[in-house]
Amino acid sequence: MKFDTPATANPIDRGRVIGIPHDRIDGAAKVTGTAPYAYERHDVAPDPAYGWIVGSAIAKGRIGAIDLRAAQAAPGVLGIVTHQNAGPLDKGDLNTAHLLGGPRIEHYEQAVALVIADTLENARDAAQLLRIDYVPEQGRFDLAAERANAVAPPTIIGGRTDTRTGDFDTAFAKAPVKVDQSYTTPDQSHAMMEPHATTAAWNGDKLTLWTSNQMIAWSVGEIAKTLKIPKENVRLVSPYIGGGFGAKLFVRADALLAALGSRMVGRAVKVAIARPQIPNNTTHRPATIQRVRIGADRHGVIDAIAHDVWSGDLPGGSAESAAQQTRLLYRGAHRLTTHRLATLDLPEGNAMRAPGEAVGLLALEVAMDELAEACGVDPVELRIRNDVQYDPEAGPQRPFSSRKLVECLRQGAARFGWSHRNPRPGQVRDGRWLVGMGVASAFRNNLVGKSGARIGVDGQGHVTVETDMTDIGTGSYTILGQTAAEMLGVPLEAVTVRLGDSRFPVSAGSGGQWGANSSTAGVYAAAMALRAKLAEKAGFPADKAVFEDGLVRLGNQSQPLGALAGREGLWAEDSMEFGDLAKRYAQATFGAHFCEVGVDIDTAEVRIRRMGGAFAAGRILNPKSARSQVIGAMTMGVGAALMEELAVDTRFGFFVNHDMAEYLVPVHADIPDQDVLFIEELDDKSSPMKAKGVGELGICGAGAAVANAIYNATGVRLRDYPLTIDRILAASTGKRVA
Amino acid sequence: MTVEPMSRRNLLQGSAAAAAALPALGEARAAPADHRHARKEEGSMTPVGLTVNGREVHLHLDPRTTLLDALREHLRLTGTKKGCDHGQCGACTVIVEGRRINSCLTLAVMHEGDRITTVEGLGTPEKLHPMQRAFITHDGYQCGYCTPGQICSAVAVLDEIAAGIPSHVTDDLDKVAFSDREVRERMSGNICRCAAYSNIVAAIREVAEGEKA
Amino acid sequence: MRPFTYSRAGSVEEAAKTAAGTPGARFIAGGTNLLDLMKLQIETPTHLIDVNHLGLDRIERTAEGGLRIGAMVRNTDLAADATVRRDYAVLSRALLAGASGQLRNKATTGGNLLQRTRCPYFYDTRMPCNKRKPGSGCGALKGMSRSLAILGTSEACIAQHPSDMAVALRLLDAGVDTVRADGSRRTIPIADFHRLPGATPHVENALGPCEFITSVTLPQPLGGTHVYRKVRDRASYAFALVSVAAVFARDGKARFAFGGIATKPWRSDAADAAAPSGAAAVAEAALNGARPTAHNGFKQQLTARTLASLYRQKEA
């Protein structure tokens, strides 16, 4: 099915199952510990050997020699995979560095061996017995130092490297009010709770990987390419994924090494990347340096806006597209964005929840706060004044498909009690706390991708959905079930959803907040095909048949689905393909974050006191899980604002704080109740679901709202994230923090 | 590896623990012997008897085996999760002798005779523990990986408050009472990167209010 | 984790004797730090002596009017003990500020005194670290040292002592009661228990080979107002950037102990003497001799501000 004209009325609009808050249909499995994750497949691979990854001790150079003798002689060792015996390997198109290093070493902790033993204890112990001689080379590890060497990458993800509209320099020079500031964001780690893990088994030349992966079809191709085997011989199974946030978009070392290890020892092998290895072995969100310039009139109306971004990555890697939102979020006739990429020999930078916007808004939305202050305009009002209902680069001929930023700001502000904010910083005191409020706009592009599914009804009228779509905590199981139930007129309880298996039709997968809208649209397409088959069996014209209460109805005639499906059952498969509506219309999701912080008057400890927001993201398919996505992302935004930073040792070229005791993410005590309002919106140009993505919107701008609240509380303007105690104190000399 | 379920005893006070919660143990009994079993003759294995979810089990373990790996790999009770294996995340939280601990930072052989409750011992999909039910109702999870640890911790937290054990945020050390703030502090050893935090607090609050009623 | 054998000691004497007769043996109590380090092969004992079942889990009054805390008393139980809450509240507060509920349920009084540093270079076995591998150099001194010590450091080591509990014990002038392999017993004043790194940062305490902590003894209660203030990068479950334990007497006198900023739980007579003059004077005295790195100089200011906060809290 092709979606190339705006959606009209369709069965989803009935809203009997879709749009209603539902408990997750996979909930009971999760709360009882019976949902099997990748390392737990005793059911299908009952007697696995255990693999332990050995990571490189240097960041750049090569392996001179490997001595395996001691490790091979250790108790229980079954085999050791290294580059010397792994056979010829290619590199996946989506990997920047090789997943198995050697002889060349591309980054610290790059996997250089897998030790396979009969037990976890033996494998982990023997891994320490490898003797590897390294020949180190000088690497580049300091983004600030390499900034001058950064070049324009040929492309950036989701956009153009540089954009120019009008004459920024002239307009900015003439602007009565100017903001020109630089901001930095650090490297960050996804830190999902389930480590990367894979159980691998070969049956002849057929490989099965029970793994933890967001993108099944991509990864089948990547594994096949890396191992140089036909795609048809690779099966990926990933029904439950303990968080991903982009870390599991790609095949990582666990999957490749489990496959190689299993081939070597002739039995199933399971491998998890140990937690202290994850930050340096896998991908991370790269650090950025950003410069934002805004020229406005005295009322804050923007005429000129520019956003320049520098980031680094390994050779062949990609830039952090942090200026993306600045192309679309606010008005202004004269516009400029640039992205520059430096070569760094740190571990591979890549996508983490809302790549681009998540850090871009940490800069832009603080710059807007600075502009508000410079103009003496309320920060909510400033954003409303600069709203634009069309793509400001393309002009009115490219309107937004739907854009309710102003509604988000207004309703969000009212709910939060924004009117009680004192615009003068450092004025509000509650005991030992200085109290302040901040706001930031939320913006995330809406992406869609081709997505397929098959759907069947059995003789009892029970519906089954199968697609290789994944549920990484996003609630895919439930919304896909809801979609099928709505389309076929059955209750949610009458639907079984099976996900994450490459034997199922290829979906859009989970990433870039495209998953929910795209994959439900895929189920919509398959369900339309099944409706046609059922209607035909019933002898009804497909476009007139009504599906409800487990029946297909035409006028006063009706037949139960089960009876039509018969003992054999009836199946249909289709996919949703998206036409050029995303070109003709700018498509994005919007919101407004509000935050109230307390800053200790002595110690500069920051506590989030209240947090809330309003969001517009098309039809909200399951308000319960969508809200959870938003509050979770808001919390990740709090982490980015206050604590998350992979600290780079620029001598050795690695992230020093590479475990969860040292890389801090928010805990329960950091997060108060969070308020989420979804603004009613249907986006008929996004998909037949009239939905948009919402999984990443919540992080976009959240951290900036925190930063702006800290400013309002203290008068301390910080532009280097995270906004830790030491930075607040350093900047507070002479300021309100006592 | 040897697993010998000896008897069925429900040793959990006031919880929904049931013998039916133990399908994984049955599987473990039928599991084939593996390389670890062969090494028993080398004398490096240490016998240990545990009572897991009300059932006695006897294992011969490499002393290096953590309680977490004994549960996950030997008893195939994979509800208890390994998030960091270093006591930094709380995903491995189980209740031992009535107290929650990180099962990754203790050796199985140190628990001879101990009563251990895992998430599987709290309830099953067919017969949920009230805390499990509340987590579903309040969407107190997303990816589900930290969830068993959160739930075990939450059950124990309510007992700790009832027992008058103070916390970092208890204003008067002699007056311990349930509050959202207390829950947030006490649950801070269970990291949820999906950050269902405020939903988890709501779930725990509901159970606490139910217990009071 | 290197292979090891395991035995469960039935008595203190047996534990000490087993240790003496078994090269490479270590005692294991809560295990929350030792097993963490063993997994990384930072600790590589060949035999573990389980000392959890020696009856050392009691808290009792001493003849001198103080309190004897068994070495195996769990952090949770110590913090919740009625006498500790009433008479040594700073100890309760320090314990509750540390780690998580799960870890406090396991971690012991004796074990916590032996807790090793959180320096990230200590934790990565590929990095130089004089504490982990004497003579290999200090990766932290010119590396990422934001969390590390500014007091009591040496050219060889700037690793911070991570404990909260030990800071309160230092404040309270606790004694560490031990038994040696020959059965002899002694009490080590807490001030002498932890060593400064000097040129031998791998030697962290005054315990002799196979010497075993049986209890910790607190002197008579100090009275006064007990406060423990811990400042960290998130609200809970994180190590201190700065922590201050204090007991304020009615007459304006006070005593202080510091965590997060020093290589051992830190006290300064001069700081205590400066108490009547206020937070700034105390900070100046306490920080005398501080040697910050490029990244942790803020701990000086933060120590002063934490003290200011304590004074404010006391007056409130």
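The values are calculated or read from the model by the stated rules, or taken from the named source; none is laboratory data. Not measured: the values here are computed from a predicted model. Backbone-built Cβ (ideal geometry, glycine too); neighbour counts: all protein chains shown. Areas reflect the complete protein model, heavy atoms only, side chains present, ligands, DNA and RNA absent. Shrake-Rupley method; radii C 1.70, N 1.55, O 1.52, S 1.80 Å.
Tell me yes or no: at least one residue of the range A:19-29 is open to solvent by 10 Å² or more (accessible area, probe 1.4 Å), small (Gly, Ala, Ser), within 14 Å of chain B (Cβ to nearest Cβ) and within 30 Å of the chain's Cα centre (by Cα). Yes, because at least one residue in the range A:19-29 is open to solvent by 10 Å² or more (accessible area, probe 1.4 Å), small (Gly, Ala, Ser), within 14 Å of chain B (Cβ to nearest Cβ) and within 30 Å of the chain's Cα centre (by Cα). Looking across A:Glu357, A:Glu373, one residue alone is touching a Cys at 6+ places or on another chain (Cβ under 8 Å) and either closer than 25 Å to A:Arg610 by Cβ or open to solvent by 20 Å² or more (accessible area, probe 1.4 Å) (or both). It is A:Glu357.
All conditions in (1) open to solvent by less than 10 Å² (accessible area, probe 1.4 Å); (2) in a loop (DSSP other than H, G, I, E, B) hold for A:Ala306, with the sole exception of (2). Does A:Thr635 satisfy being at the interface with another protein chain (Cβ under 7 Å from one of its Cβ atoms) and of a type outside the set (Asp, Glu)? Judged against the criteria, A:Thr635 is a match. If you filter the range B:177-189 down to residues that are more than 7 Å from every other protein chain (Cβ to nearest Cβ) and not hydroxyl-bearing (Ser, Thr, Tyr), you find that the one that is farthest from B:Thr147 (Cα to Cα) is B:Ala177. Check A:Val292, A:Val251 and return the single one that is assigned to a strand (DSSP E or B) and in contact with a helix residue (DSSP H, G or I) (Cβ under 6 Å, 6 or more places away or on another chain). It is A:Val292.
Of all residues in the range A:641-659, those satisfying the criterion of being open to solvent by 10 Å² or more (accessible area, probe 1.4 Å) and within 13 Å of chain B (Cβ to nearest Cβ) are A:Met643, A:Asn657, A:His658, A:Asp659.
For the range B:51-71, filtering for residues that are part of a helix (DSSP H, G or I) and more than 7 Å from every other protein chain (Cβ to nearest Cβ) leaves 4. Any chance you could count how many residues in the range C:178-223 are among the aliphatic types (A, V, I, L, M) and assigned to a loop (DSSP other than H, G, I, E, B)? Residues flagged as among the aliphatic types (A, V, I, L, M) and assigned to a loop (DSSP other than H, G, I, E, B) within the range C:178-223 amount to 7. State yes or no: is A:Glu407 open to solvent by 10 Å² or more (accessible area, probe 1.4 Å) and either part of a helix (DSSP H, G or I) or closer than 30 Å to A:Lys248 by Cα (or both)? The answer is yes for A:Glu407.
Tell me, please, whether a residue that is among the charged types (D, E, K, R), part of a loop (DSSP other than H, G, I, E, B), in contact (Cβ under 8 Å) with a residue 60 or more places away in the chain and touching a Lys or Arg at 6+ places or on another chain (Cβ under 9 Å) can be found in the range A:209-230. Looking through the range A:209-230, none of the residues is among the charged types (D, E, K, R), part of a loop (DSSP other than H, G, I, E, B), in contact (Cβ under 8 Å) with a residue 60 or more places away in the chain and touching a Lys or Arg at 6+ places or on another chain (Cβ under 9 Å). For the range C:270-309, the candidate set comprises residues that are within 9 Å of another protein chain (Cβ to nearest Cβ) and in contact with a strand residue (DSSP E or B) (Cβ under 7 Å, 6 or more places away or on another chain); within that set, the residue that is nearest to C:Glu155 (Cα to Cα) is C:Lys299.
Residue check: A:Asp543 meets all listed conditions (1) within 30 Å of A:Asp391 (Cα to Cα); (2) modelled with pLDDT under 95 but one, namely (1).
Of everything listed in (1) surrounded by 24 or more Cβ atoms within 10 Å (Cβ to Cβ); (2) away from chain C (no Cβ under 14 Å); (3) out of contact with any Ser or Thr (no Cβ under 7 Å at 6 or more places or on another chain); (4) of a type in the set (S, T, N, Q), the single unmet condition for B:Asn199 is (3). Residues that are open to solvent by less than 10 Å² (accessible area, probe 1.4 Å) and touching a Pro at 6+ places or on another chain (Cβ under 8 Å) within the range A:664-714 comprise A:Asn708, A:Asn712, A:Ala713, A:Thr714, listed in sequence order. If you go through the range A:388-404 and keep only what is assigned to a loop (DSSP other than H, G, I, E, B) and open to solvent by 30 Å² or more (accessible area, probe 1.4 Å), you end up with A:Gln389, A:Glu393, A:Ala394, A:Pro396, A:Gln397, A:Arg398, A:Lys404.
Being within 13 Å of chain C (Cβ to nearest Cβ) and either in contact (Cβ under 8 Å) with a residue 60 or more places away in the chain or surrounded by fewer than 24 Cβ atoms within 10 Å (Cβ to Cβ) (or both) is true of B:Gly113. Looking across the range A:113-168, the residues that are more than 20 Å from A:Ile63 (Cβ to Cβ), assigned to a helix (DSSP H, G or I) and touching a residue at least 60 places away in the same chain (Cβ under 8 Å) come down to A:Leu120, A:Asn122, A:Ala123, A:Arg124, A:Leu143, A:Ala144, A:Ala145, A:Glu146, A:Arg147, A:Asn149, A:Phe168.
Restricting attention to the range C:107-139, the residues that are buried (at least 24 other Cβ atoms within 10 Å of the Cβ), in contact with a Phe, Trp or Tyr (Cβ under 9 Å, 6 or more places away or on another chain) and facing chain A (nearest Cβ under 9 Å) add up to 2. Among the residues of the range A:65-81, none qualifies, meaning not one is among the acidic types (Asp, Glu) and within 12 Å of chain B (Cβ to nearest Cβ). Looking at the structure I just gave you, is A:Arg607 surrounded by fewer than 23 Cβ atoms within 10 Å (Cβ to Cβ) and within 30 Å of A:Ala413 (Cα to Cα)? Judged against the criteria, A:Arg607 is a match. For the range B:118-144, filtered to residues that are under 14 Å from the mean Cα position of the chain (by Cα), open to solvent by less than 10 Å² (accessible area, probe 1.4 Å) and of a type outside the set (A, V, I, L, M), the residue that is nearest to the other protein chains (Cβ to nearest Cβ) is B:Gln132.
Check whether at least one residue in the range C:185-198 is within 15 Å of the chain's Cα centre (by Cα), of a type in the set (A, V, I, L, M), open to solvent by 20 Å² or more (accessible area, probe 1.4 Å) and under 30 Å from C:Lys17 (Cα atoms), and report yes or no. Yes, that holds for at least one residue.
So that you can scan it fast, the table gives a plain yes or no per residue for (1) open to solvent by 30 Å² or more (accessible area, probe 1.4 Å); (2) assigned to a helix (DSSP H, G or I):
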| position | (1), (2) |
| --- | --- |
| A:Val54 | no, no |
| A:Arg62 | yes, no |
| A:Ala70 | yes, yes |
| A:Leu78 | yes, no |
| A:Gln84 | yes, no |
| A:Gly87 | yes, no |
| A:Asp90 | yes, no |
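The single condition among (1) closer than 22 Å to C:Ala257 by Cα; (2) part of a helix (DSSP H, G or I); (3) open to solvent by 10 Å² or more (accessible area, probe 1.4 Å) that C:Leu103 does not satisfy is (1).
For the range A:480-498, the tally of residues that are open to solvent by less than 10 Å² (accessible area, probe 1.4 Å) and either without any contact (Cβ under 8 Å) to a residue 12 or more places away in the chain or within 18 Å of B:Gly144 (Cβ to Cβ) (or both) stands at 2. Does B:Arg99 count as among the charged types (D, E, K, R), facing another protein chain (nearest Cβ under 7 Å) and open to solvent by 20 Å² or more (accessible area, probe 1.4 Å)? Answer is yes for this residue.
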